[in-house]
Every structure is written in structure tokens, then in C-alpha cells.
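What follows is a single structure, written as C-alpha cells, with notes after it.
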Amino acid sequence: SRASAILSSLDIPTSGEVSGVYGGSGQWGGNGDIMESICPTTGEVIARVKSADAKEVSDAISNSREAYLAFRNVPAPRRGEILRQIRNALGAKRDELGALISLEMGKIRTEGVGEVQEFLDICDYAIGLSRMMNGRVVASERPGHSILEVANPLGVTGVLTAFNFPVAVYGWNMSLSFAAGNATLWKPSPTTPLCSIAVTKIVSKVLQENGIHPGVASLVTGGKQAGVDVVNSRGVDLVSFTGSSEVGRLVGQAVQARHGQVILELGGNNAAVVMPDADLSLAVPAVFFGGIGTAGQRCTSTRRLYLHRDVAPQFIEKMQKLYTSVKPGDPLVDSTLLGPVHNAQSLNIYENAIKNLQSTGAEILAGGSRFLEDPFGRGNFVQPTLAIPKTTDTTNAVWKEEVFAPIINIGLFDTIEEAIELNNSVPQGLSSSLWTRDLRNVGKWIGPAGSDAGIVNVNVGTSGAEIGAAFGGNKSTGWGRESGGDAWKQYVRWSACTVNFSDEAPLAQGVRFET
Ligand code: UN1
């Protein structure tokens, strides 16, 4: 079958149970519960995966520590060289991994391959970084003294990823953590175990070829308890968590309570704002992609669309045409633009959100129900939806809650100031997008009184960020940054080293302490 061909191309067994634990001993295991990987397109069980039991999780954490103790002494440029080999090995399987993402997660093929590309890109970035993770020399106020800011490896990074980006978000974290000299322990979403197994097989082979401790990149598949164990373990120095704001709050509290470090990439509720002078031939397709790309299940998906009153009728008409004509389909077929949502829970989220919109008097302009036409009745297909909520009050649940499904709410405004206020009026702050040709609007949008999101785009949609800039949000979207920019600085242990080269030992601030 098609699934078997994809699995075999990535060295995953197609019969029997698949081991889902690579716990730093160099052996694959899995003594915990059996998890099923279910295809969102067909409903078939693609594989049964043996997850980690509690002992395997705690062994993996101690093996990671041991791996870190060795790996931190490998010079950073050498770590970069090994990362280059990992990059090349992943690159050689880019299309196969992309297909597996489509098969198991449900996003369309070009987005699946794009996600692997994102991993390759951040590897390139981190390979370069491995020669540039520089500290500083700071001028000392004391004669014969120098102050150095030194970046050393941090320890063990625990990475908890979500189903929607089952490969790239691990890549963002692992590549920086690796270049920084840490061991990385991955606890993926329980519904995309095969993606994590395929990636770990490729990475671990390169480590083995280079004589690197296998615990530098270990994998524990499992459910909530495995995640809780990683989060609560003092052996995990940095926890990087992607998921809901609700769970992220608990993760943040638990990690801080044990004085660990945390990066949280939580819910988004991203708005696109269209000014009357926008180029609609660019804005409409971008909002369309933002709304239905990954079937509305990116953290960065467009969920709110604010239209200037003058442009609204025209914009809505074009959007309606696209939304009613696009047909959901098999994500592995090249012409498909809209794949299934991920699982039964995603269907629930979609259906509840529609009910909520209807019961509060929203006008549904397109979509509004599941898509059950043959041959998709057994998959998780929904009609992409455009709605005009009755209320414009953004404290209302229809506006302020993140709905992880292809639904866009539309609202109208008259001035850029009003649009910015609407954009900023929700608890979340991940991504935002302004469409205009007027420089004055741009200045307001990106300035001090502008969009309060972590991503503030102009004539670029809310989703689909490149890896070069740091990625992350503000407010209930969480704390910290991943991927590019200065994100790497969170993966190292900083030391301020004051070194005295002189024959005196003066105190700072001119303090005199004569004995
Ligand atoms: C996510 O949805 O968790 O900017 C990550 C984007 C992608 C990453 C999204 N590069 O849409």
C-alpha cells in the first residue's frame, strides 16, 4: 500500500509493532502503552507504536545527562560539522519525510516537504552558528582587569512538540541545542509518532558514524505522563514546549518551580488587516493560504480578518469564491490545496466552533460543516469557513479563543488605529499581517503603538515565517523565542567572568575594605 511504501522508504517496519523509544542507550525500545498512528485522510491505522514507560523516560533523561557531559567537550565547529552531516542525511530523505508528514499529520505535500526544508534551513543556520556563538569582552572599570561573557553548553534540552509541525519545531530546537553542545530529548505529540521515529533514525545513524553518544538525540514517544515526567525532571535544564496556552501555563509553572528554564510557544489568534489601498491581488491569496494552509492548524494561521469598510464587500466576495470552490482532498495528491484536519478531536473543535458561531448569530459566508462526499467520508475533512460574528466585542469567546481549524472570523473597521486596537485586543500575541501601500500605516503598525504580536508582517501573510528571525509570541502565546535571530542564546549557560591580570585586587565601585 501507499502507507507501506512511505514507511519502508524511511526504514520504519511495515508489519508488527514499531519501537518508539530511542532512550540514549543506542537501542530502540518501548515498554509502555501501544499508540496508534491514524491516517487523517483515510482513518486507517498506519502503525502501532510501542511508547516509553516511566522507567524508559527516566533512563533516557539520565542517559541524556551522560551524553551531555561528553558532548560539551566536543569543539563547537566540530559539532557544526556533524550537524552538516545530519542536514545532508535529512536532505537526502526530504521528499520521503515530507510524504510521511502528509500521511500521518494530514498537511498537503508541498507543506510537508516545506516543513522538512525548514529543518534543513535551521540546520544551515546552526552550522554557521557553531563558529559564531560568540561571547564578549567587556571593559572593566578596574585596571588590569577584563570581563568576559562566556557561552558554555547548558545541559539537557527537553523538546515537547505538537502534531501540527511534527518535524520542523523539533528541528528548530535540536539544531540550536546541538550546536550549543547540549543533549536533546524529544517527546513528540502522541498522534505523530512515526514522524519522530523517522527523523530520529536518520539523526542517530549520523551520531553513530561519528562516535557521538546516542543520548545526544533521544526520543521518548508517549502520552501526557511522559511529557509530565520530562517537564518535572530536574535533569532537564531547558524545556521547550509547543502547545496550547492552557497546558503551557502548567508547563511554565512546573519548570519555574524547580528553577529550570523554559521556552513556550503557545496559542495564536492571528489577524490580517486590510487597508483600502492594499493590493488585493496579493492580499486575497495570502489570506486564503493563511486560513486554509495546514487546514488552519498552524499556530500562525489567520483566524481573524479585519477589513477596512471601503474594501470589505470586494474582499469578501473574492474570499467567498475561493472558500466555496476549494475542495478538500488527499494531501498526497499534488493538486490538493486543503487536506484533512488532524484527528477526531480536531473535528470536534471545528464543529463546536461552528455551533458557537451559529448560536451567537454569526453570518456564515462559506463552509460551516464537515465534508462527507465520497471518497472522504472516513477522513477528517471539513469545509473551510468564513464567518461574520454578530458581535465585534473581542472579549467575546468567538473572537478571543484560538480555534485550531480552518475558520476565519471577519470584522470591519474605519481607521488604522481602530484596526491595531482590534488586532491587539485578544489574549494571544503570535502573528499579525497588515496589507497596505501607505508608508504611514506601516510606521504605525510596526511602531510603539503598533501590533503587539511577536510577528508583525507587512504585505506578507500571518503564517509561513522563514527561519532567519527569532520565532515566538507575546502575552498568552508564551515566552521565549525559537529558530533564528538570538534564540540560540537561550540554549547556552552564560558566565560573566571577571579576570584580574594585575598585582592588585581592587574592589568594584571604589569600595575600600582595608585589613
Ligand atoms: C507552528 O505552527 O507551530 O511560520 C509553527 C510558520 C511556520 C512555523 C509554524 N514556519 O507558519
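The values are calculated or read from the model by the stated rules, or taken from the named source; none is laboratory data. It should be emphasised that the depicted structure is a prediction, and the values quoted were computed from it without experimental measurement. We place every Cβ from the backbone using ideal geometry, glycine too, and count neighbours over all the protein chains shown.
Residue under question is A272, and the condition is that it be part of a loop (DSSP other than H, G, I, E, B), of a type in the set (A, V, I, L, M) and touching a helix residue (DSSP H, G or I) at 6+ places or on another chain (Cβ under 9 Å); does it hold? Judged against the criteria, A272 is not a match. The conditions of being modelled with pLDDT of 95 or more and part of a strand (DSSP E or B) are not met by N441. Regarding G293, is this residue assigned to a helix (DSSP H, G or I) and either under 28 Å from L97 (Cα atoms) or of a type in the set (D, E) (or both)? Against the criterion (assigned to a helix (DSSP H, G or I) and either under 28 Å from L97 (Cα atoms) or of a type in the set (D, E) (or both)), G293 qualifies.
Looking at the range 477-511, which of the residues that are of a type in the set (F, W, Y) and outside any strand (DSSP E or B) is surrounded by the most Cβ atoms within 10 Å (Cβ to Cβ)? It comes out as Y491. Restricting the range 131-171 to residues that are among the β-branched types (V, I, T) and more than 16 Å from the ligand (Cβ to nearest atom), the residue that is nearest to the chain's Cα centre (by Cα) is T157. Among the residues of the range 1-14, those that are of a type in the set (S, T, Y), over 23 Å from Q208 (Cβ atoms) and at pLDDT 95 or above comprise S4, T14.
The sole residue among L347, L338, L412 that is closer than 20 Å to R309 by Cα and touching a residue at least 24 places away in the same chain (Cβ under 8 Å) is L412. Residues in the range 236-278 that are in contact (Cβ under 8 Å) with a residue 60 or more places away in the chain, closer than 18 Å to G155 by Cα and surrounded by fewer than 20 Cβ atoms within 10 Å (Cβ to Cβ): 1 in all. Which of the residues belonging to the range 172-196 are among the β-branched types (V, I, T) and either closer than 18 Å to R131 by Cα or within 16 Å of the ligand (Cβ to nearest atom) (or both)? Answer for the range 172-196, where residues must be among the β-branched types (V, I, T) and either closer than 18 Å to R131 by Cα or within 16 Å of the ligand (Cβ to nearest atom) (or both): T191, T192. Inside the range 271-301, can you point out the residues that are within 12 Å of the ligand (Cβ to nearest atom) and farther than 19 Å from V169 by Cα? Correct list: F289 only. Considering each residue of the range 389-406 in turn, none proves to be within 30 Å of L120 (Cα to Cα), part of a strand (DSSP E or B) and within 16 Å of the ligand (Cβ to nearest atom). In summary, I147 fulfils each of the numbered conditions (1) touching a strand residue (DSSP E or B) at 6+ places or on another chain (Cβ under 7 Å); (2) under 20 Å from Y125 (Cβ atoms); (3) not in a loop (DSSP other than H, G, I, E, B) with the single exception of condition (2).
Within the option set G112, G128, being away from the ligand (no atom under 16 Å from the Cβ), of a type in the set (G, A, S) and either modelled with pLDDT of 95 or more or assigned to a helix (DSSP H, G or I) (or both) holds for one residue only, G128. Checked against (1) hydroxyl-bearing (S, T, Y); (2) part of a loop (DSSP other than H, G, I, E, B); (3) under 30 Å from P340 (Cβ atoms), S433 passes all but condition (2). Kindly check whether there is at least one residue in the range 79-93 that is within 16 Å of the ligand (Cβ to nearest atom), surrounded by fewer than 24 Cβ atoms within 10 Å (Cβ to Cβ) and either of a type in the set (V, I, T) or free of Cβ contacts under 8 Å to residues at least 24 places away in the same chain (or both). No, there is no match, as no residue in the range 79-93 is within 16 Å of the ligand (Cβ to nearest atom), surrounded by fewer than 24 Cβ atoms within 10 Å (Cβ to Cβ) and either of a type in the set (V, I, T) or free of Cβ contacts under 8 Å to residues at least 24 places away in the same chain (or both). Only residues that are surrounded by 19 or more Cβ atoms within 10 Å (Cβ to Cβ) and either within 16 Å of the ligand (Cβ to nearest atom) or over 19 Å from V287 (Cβ atoms) (or both) were counted in the range 430-443, giving 4. A residue that is within 16 Å of the ligand (Cβ to nearest atom) and either assigned to a strand (DSSP E or B) or of a type in the set (K, R) (or both) can be found somewhere in the range 242-258. Within the range 460-476, the residues that satisfy the criterion of being in a loop (DSSP other than H, G, I, E, B) and either over 18 Å from P285 (Cβ atoms) or near the ligand (Cβ under 10 Å from one of its atoms) (or both) are G461, T462, S463, G464, A465, E466, I467, G468, A469, G472, G473, S476. All of (1) surrounded by fewer than 18 Cβ atoms within 10 Å (Cβ to Cβ); (2) over 22 Å from the mean Cα position of the chain (by Cα) hold for K400 with one exception: (2). The conditions of being within 16 Å of the ligand (Cβ to nearest atom) and touching a strand residue (DSSP E or B) at 6+ places or on another chain (Cβ under 9 Å) are not met by T221.
Residue count for the range 112-134, restricted to those that are surrounded by fewer than 24 Cβ atoms within 10 Å (Cβ to Cβ) and touching a residue at least 60 places away in the same chain (Cβ under 8 Å): 5.
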